[in-house]
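Undergrad: This is the structure, below, for whatever I ask next.
The values are calculated or read from the model by the stated rules, or taken from the named source; none is laboratory data. No experiment lies behind these values; they were computed from the predicted model shown. No Cβ is skipped: glycine too gets one built from the backbone with ideal geometry, and neighbour counts run over all protein chains shown.
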Amino acid sequence: MFKMKFLIAIFLIATNSFCVEQNTKEQMFQLAVRDVARGFSKHDSLLLSKYIYREIGVHLLYRNGVFNTYTSFRKINFSDASYPVVLFQFSKGITPLPLRYQQLPVYNCAKESWNKKGSFVDTTTIDHLLSKICSERNRYASDNISQKTINTFINLENKSRRVVLVDQNKKELVFYLSYINRRWYVTMFDSVSSDCSV
C-alpha cells in the first residue's frame, strides 16, 4: 500500500512539473513574439539582439529575380547600410494584436492582401520554407547547397514555430521562433510569402 501511494505521489509530482514547464515555455514564447514584433516595429536592434542565437544567427528569406533565396546574418542591424533593411519595410510601425493559436493567414496575390488580420501561430504544423528554398535552388538555380546544410535547416525548422502578424494598416511581419536550450530565438524572417513580383 505504501509503495502504491509513493508511486502515485511521484507520478503527480512529475505530471505537475511537466505542466509547469509547458506553461513556462508558452509564456516565454508569447513574450518572445511580443518583443520580436516590437523590435521589428521600432527597428530596435538592441531588443532583437537578445533573441538571436549567435551560433545560428537569423536567416532572411526573400525573392531575388525569379528565385526565392536566403541570406544569413549573425545579428540584426537596422543602422548598418549593408544590412537589407528593405526586407523589413512592411514591418516598421506594425501594431501587434493578441496572439491566436490557429491556422495561419495566407497571402492572396490577386487581392494583394492576407486573408485575415491579427497575430497567429499554428502549433499543429511545421513549416519547411527554408529547406524547400535550398532544394529548389539546387534543382533550378544550379546552386550547390549541401545536403548537410539542408538537413541542418530541416532540424531547425522542426523546432520552430512560424508566426504571422498582419495589422489593420496592412503592415506585416512573418518570422520563426525556434526553441533552443530552453529559450525561444528568432531564426528566420520571411518576406517571400507575400512577394508576388514574378
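Undergrad: In the stretch 110-144, how many are on the phi < 0 side of the Ramachandran plot and more than 22 Å from the chain's Cα centre (by Cα)?
TA: Result for the stretch 110-144: 8.
Undergrad: Search the stretch 87-113 for residues that are free of Cβ contacts under 8 Å to residues at least 24 places away in the same chain and pair each with any residue that is of a type in the set (V, I, T) when their beta-carbon atoms are under 8 Å apart and the residues are at least 6 apart or on different chains.
TA: Between residues of the stretch 87-113 that are free of Cβ contacts under 8 Å to residues at least 24 places away in the same chain and residues that are of a type in the set (V, I, T), the close pairs are R100/V121; Y101/V121; Y101/T123.
Undergrad: Using the structure shown, decide if K132 is closer than 23 Å to N108 by Cα, out of contact with any Asp or Glu (no Cβ under 9 Å at 6 or more places or on another chain), in a helix (DSSP H, G or I) and not small (G, A, S).
TA: When the stated conditions are applied, K132 passes them.
Undergrad: Another question, then. Since L47 meets every condition but one in (1) in a strand (DSSP E or B); (2) free of Cβ contacts under 8 Å to residues at least 24 places away in the same chain, which condition does it not meet?
TA: (1)
Undergrad: Condition check: in contact with a Lys or Arg (Cβ under 7 Å, 6 or more places away or on another chain), among the aliphatic types (A, V, I, L, M), under 27 Å from H43 (Cα atoms) and part of a strand (DSSP E or B). Does L177 satisfy that?
TA: yes
Undergrad: Among the residues of the stretch 133-156, is any under 21 Å from P98 (Cβ atoms) and either at pLDDT 95 or above or touching a Pro at 6+ places or on another chain (Cβ under 9 Å) (or both)?
TA: Within the stretch 133-156 (the criterion being under 21 Å from P98 (Cβ atoms) and either at pLDDT 95 or above or touching a Pro at 6+ places or on another chain (Cβ under 9 Å) (or both)), the answer is no, since none of the residues qualifies.
Undergrad: Another question about this same structure. Taking only pairs six or more apart or across chains, which ones have beta-carbon atoms under 7 Å, a first residue in the stretch 67-84 that is touching a residue at least 24 places away in the same chain (Cβ under 8 Å), and a second residue that is among the basic types (K, R)?
TA: F67/R137; T69/R137
Undergrad: In addition: Within the stretch 169-198, track down each residue that is more than 13 Å from K159 (Cα to Cα), over 16 Å from the mean Cα position of the chain (by Cα) and either at pLDDT 95 or above or not basic (K, R) (or both).
TA: Listed by number, the residues that qualify are N169, D195, C196, S197, V198.
Rundown of residues vs (1) closer than 24 Å to I180 by Cα; (2) aliphatic (A, V, I, L, M); (3) loosely packed, with under 15 Cβ neighbours inside 10 Å, yes/no style:
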{"site": "A32", "(1), (2), (3)": "yes, yes, no"}
{"site": "K50", "(1), (2), (3)": "yes, no, yes"}
{"site": "R54", "(1), (2), (3)": "yes, no, yes"}
{"site": "V66", "(1), (2), (3)": "no, yes, yes"}
{"site": "Y70", "(1), (2), (3)": "yes, no, no"}
{"site": "I76", "(1), (2), (3)": "yes, yes, no"}
{"site": "Y101", "(1), (2), (3)": "yes, no, yes"}
{"site": "P105", "(1), (2), (3)": "no, no, no"}
{"site": "K111", "(1), (2), (3)": "no, no, yes"}
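Undergrad: Check off (1) surrounded by fewer than 19 Cβ atoms within 10 Å (Cβ to Cβ); (2) in contact with a helix residue (DSSP H, G or I) (Cβ under 8 Å, 6 or more places away or on another chain); (3) under 17 Å from N68 (Cβ atoms); (4) not β-branched (V, I, T) for R137 and give me the number that stays unchecked.
TA: (2)
Undergrad: If R182 satisfies every condition in (1) surrounded by 13 or more Cβ atoms within 10 Å (Cβ to Cβ); (2) of a type in the set (D, E, K, R); (3) within 23 Å of L31 (Cβ to Cβ) but one, which is the exception?
TA: Exception for R182: condition (1).
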